[in-house]
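The values are calculated or read from the model by the stated rules, or taken from the named source; none is laboratory data. As the structure is a prediction and not an experimental result, all values here were calculated from the model. A quick note on method: Cβ atoms are made from the backbone with ideal geometry, for glycine too, and the neighbour counts reach across all protein chains shown. All accessible areas refer to the heavy atoms of the entire protein, side chains included, with ligands and DNA or RNA removed. Shrake-Rupley method; radii C 1.70, N 1.55, O 1.52, S 1.80 Å.
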Amino acid sequence: MNTKTKAVLAFLVIFLLGGISGYLIKDSLITFDRERSYQSAERQERQRMSERSFNSEEERALHRQQMRQRAQNRLSDRLDLEDNQKADFFDKFYIYQSEIRDSVRSIRSIEQQFVREHYNRFRKDVDDILNEDQIQNLDRFFHPDSIRQNQAQRYHR
């Protein structure tokens, strides 16, 4: 191999190594930055939640009333409601909201019962396939109550 070929190969190897190391460093920096921003967001959320704790039910009720009034003001502005429209509109709006909330709760309850029944049937089907430890692990990860509990734990970390 002549000197010119060796120089070109050395240049290519150095160039490739530089590109690969740059990619790996960039990827690790992005991952580090993501983790740091996630931790920062979690800290801010915990702080916001602790600031939101109320000393009494009166404070909680007052806060709710203030939030409701701000929402009404924003919606009134957005819809350009006149004063004579506001009372009737918000009466009907809150009835609509409560009906939707009640319907969603009912649907959610039916859904949870449906999932629980199907899980129990699945568990009976695999009961003769899995040993007791495997069934306990299955319940820990896939039982509807465990899934909800695991989601809550992940959210509050």
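Do the conditions hold for Asp125, that is, is it under 30 Å from Gln65 (Cα atoms) and open to solvent by 70 Å² or more (accessible area, probe 1.4 Å)?
Details: under 30 Å from Gln65 (Cα atoms): no; open to solvent by 70 Å² or more (accessible area, probe 1.4 Å): yes.
Considered against the rule, which asks whether it is under 30 Å from Gln65 (Cα atoms) and open to solvent by 70 Å² or more (accessible area, probe 1.4 Å), Asp125 comes out as no.
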Could you list all residues from segment 54-112 that are among the aliphatic types (A, V, I, L, M) and either open to solvent by less than 70 Å² (accessible area, probe 1.4 Å) or touching a His at 6+ places or on another chain (Cβ under 6 Å) (or both)? Ala61, Ala71, Leu75, Leu81, Ala87, Val104
What are the pairs, 6+ residues apart or on separate chains, where a residue within segment 85-104 that is under 14 Å from Arg68 (Cα atoms) has its Cβ under 7 Å from a residue that is assigned to a helix (DSSP H, G or I)? Lys86/Ser76; Phe90/Gln72
